[in-house]
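For reference, the structure is listed below as structure tokens.
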Amino acid sequence: MGKTILTVDDSSTMRQMIGFTLKEAGFEVLEAGDGLEALERARGQKLSLVITDVNMPRMDGITLVQRLRAQPEFRFTPILVLTTESGLDMKQKGKEAGATGWIVKPFSPEKLLDVVNKVL
Amino acid sequence: MKPGFRWGSGAIPEPVRDMPAPLHPVLRKVAGQEARVLGDRADFLRTELDRVDTLVGEAAHTLEQALMTLSDGVKTQHQLALSVQDAMHIASRGMDSTDAAATVSATIVGTLDAFVGNMLEISKSSMQLVEEVEDIRTRSDAMESMLVELGEIAGQTHLLALNATIEAAHARKFGAGFAVVAGEVSKLADRSTALSATIQQQIQGTRDALRRTDAQVQAIASKDLTLAIQSRGESEALVQALDESTRKVRDLVGEMEVNAGRIETQVGHVVRSLQFQDLVHQTLQACMRELDSLQQQAGAWQGLADALDRGRDEGEALEVLAGSLAEADGMRFKTVTHDSLAAGDVDLF
């Protein structure tokens, strides 16, 4: 059975591009449009990795990371933040929240897969 | 009024706070105009930005669908290339297709060489056989000549026996014994003649058989060798065509693989470039928030006009305006800082 990755982004284009890249590499992909939906989708799932945007409606990516880390089943699940935010202060917030890595958009498929394979 | 505060179109001059009462209608008019202008422009910009966001979103969606279709096409092409490779692999019995084609060609040419070699040996033996047949025919002719001479001898012997019989009759009783001998000699001459005729029949039969054998051997020696040489030439041409075909298929599969690699690289560029929609969307969202700020400022100006209409003190009304404008000014949102579609940085914690 393949590894399952949850991708969270309010942009359908971004979800499509991330999903396309990961599916081509053989991963199972779940999608969510914001932090709250991501928590719903993650419930009961055995996720190998979560990739989330930061700026999203209803619940942002940093809060999502904190909420997932608070759940025992996701305490050690790799979480990558994929965002247009490149400021050091935001990166620091992501690190403190428990993110595994920070990728600044736009991503190249090759580089994304390289990072994904490193953290898995 | 807070220091450094800015209006929608510039700083409020300090003397405004001390303006005389008759200026009230002018201030109310200015406030109303500012509220309307700011509101109208904000509405216009919001409509246009919405339109841009929609257009970009639709374009991105179309490109996404095209990308998926392209990707499926590339996958299909890749599968076809693999199928061709598998087919060549099976046909070559597990060997490399180039080695297999060379092996098949060598085997066919080797078999044909052996076949033609055998045919040449047969032809050579046939020619020797023809010579042997000719020799037998010559010997038969010689034997036939000898039989003719033997016939003549038998005839002479028979004549001699007849003469001896006549002479024995002349000798009366003294020639009786000699007549018996002459009779026996005559019988031997008759048997010799009969035997000669029989041998001649046998020789004729042998000559007929030799003639038929000669014709058949001649046919083998000429006709079959021509066919074999022709078949070898045709088979060599076929093998060359097979070699050429195999090489072309191999080259085409190679080109397909190179092409698939190029497309994969381009798909990567497309995936990266399509993210412009997200960058543009976020930039537009930041612009929308700026418009919210402008509309709040318009509301503040309208509030000033309404307060003056209700007869509120100008100074107090202006203080309220300053506070509202400062609040609206604080609604600035950070825009997307990424101004390029080059891949961003990666930082693992």
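The values are calculated or read from the model by the stated rules, or taken from the named source; none is laboratory data. Quick caveat, the model's predicted, so the values are computed rather than measured. Using ideal geometry, Cβ is built from the backbone for each residue, glycine included, and neighbour counts are taken over all protein chains shown.
Structural remarks
- Check on B:Val271, within 14 Å of chain A (Cβ to nearest Cβ) and among the hydrophobic types (A, V, I, L, M, F, W, C): yes
- Residue within the range A:78-92 that is more than 23 Å from B:Val270 (Cβ to Cβ), within 11 Å of chain B (Cβ to nearest Cβ), part of a helix (DSSP H, G or I) and among the polar types (S, T, N, Q) present: yes
- Among the residues making up the range A:100-120, those that are part of a loop (DSSP other than H, G, I, E, B) and either closer than 19 Å to B:Asp278 by Cβ or more than 10 Å from every other protein chain (Cβ to nearest Cβ) (or both) are A:Lys105, A:Pro106, A:Phe107, A:Ser108, A:Leu120.
- Hits in the range B:328-344 - residues which are out of contact with any Lys or Arg (no Cβ under 7 Å at 6 or more places or on another chain) and either outside any helix (DSSP H, G or I) or at pLDDT 85 or above (or both): B:Gly330, B:Arg332, B:Lys334, B:Thr335, B:Val336, B:Thr337, B:Asp339, B:Ser340, B:Ala342
- Residue selected from the range A:1-14 under the condition of a type outside the set (A, V, I, L, M) and buried (at least 20 other Cβ atoms within 10 Å of the Cβ), by the criterion farthest from the chain's Cα centre (by Cα): A:Thr13
- Applying the condition of being part of a helix (DSSP H, G or I), within 14 Å of another protein chain (Cβ to nearest Cβ) and surrounded by fewer than 18 Cβ atoms within 10 Å (Cβ to Cβ) to the range A:20-50 and asking which residue is modelled with the lowest pLDDT yields A:Glu24.
- Residue identified as in contact (Cβ under 8 Å) with a residue 12 or more places away in the chain, in contact with a helix residue (DSSP H, G or I) (Cβ under 6 Å, 6 or more places away or on another chain) and among the hydrophobic types (A, V, I, L, M, F, W, C) among A:Val54, A:Val119: A:Val54
- Search result, residues across the range B:306-326 that are assigned to a helix (DSSP H, G or I) and not charged (D, E, K, R): B:Ala307, B:Leu308, B:Gly315, B:Ala317, B:Leu318, B:Val320, B:Leu321, B:Ala322, B:Gly323, B:Ser324, B:Leu325, B:Ala326
- Some residue of the range A:51-62 being part of a strand (DSSP E or B), surrounded by 18 or more Cβ atoms within 10 Å (Cβ to Cβ), within 10 Å of chain B (Cβ to nearest Cβ) and out of contact with any Lys or Arg (no Cβ under 6 Å at 6 or more places or on another chain): no
- Residue identified as among the aliphatic types (A, V, I, L, M), assigned by TED's automatic domain parsing to the domain that holds B:Leu129 and exposed (fewer than 13 other Cβ atoms within 10 Å of the Cβ) among B:Leu242, B:Leu227, B:Leu188: B:Leu227
- Residue check, B:Val258 at pLDDT 85 or above and among the hydrophobic types (A, V, I, L, M, F, W, C): yes
- When the range B:100-126 is filtered for residues that are in contact (Cβ under 8 Å) with a residue 12 or more places away in the chain and loosely packed, with under 14 Cβ neighbours inside 10 Å, the ones remaining, listed by number, are B:Asp113, B:Leu120.
- Residue check, B:Ala91 modelled with pLDDT under 80, of a type in the set (A, V, I, L, M) and within 16 Å of B:Gly254 (Cβ to Cβ): no
- Flag if B:Val130 is in contact (Cβ under 8 Å) with a residue 12 or more places away in the chain, assigned to a helix (DSSP H, G or I) and within 30 Å of B:Ala219 (Cβ to Cβ): yes
- If the condition is being more than 7 Å from every other protein chain (Cβ to nearest Cβ) and not polar (S, T, N, Q), then the range B:274-287 contributes B:Phe276, B:Val280, B:Leu284, B:Ala286, B:Cys287.
- Of all residues in the range A:66-75, at least one satisfies being aliphatic (A, V, I, L, M) and either outside any strand (DSSP E or B) or away from chain B (no Cβ under 13 Å) (or both).
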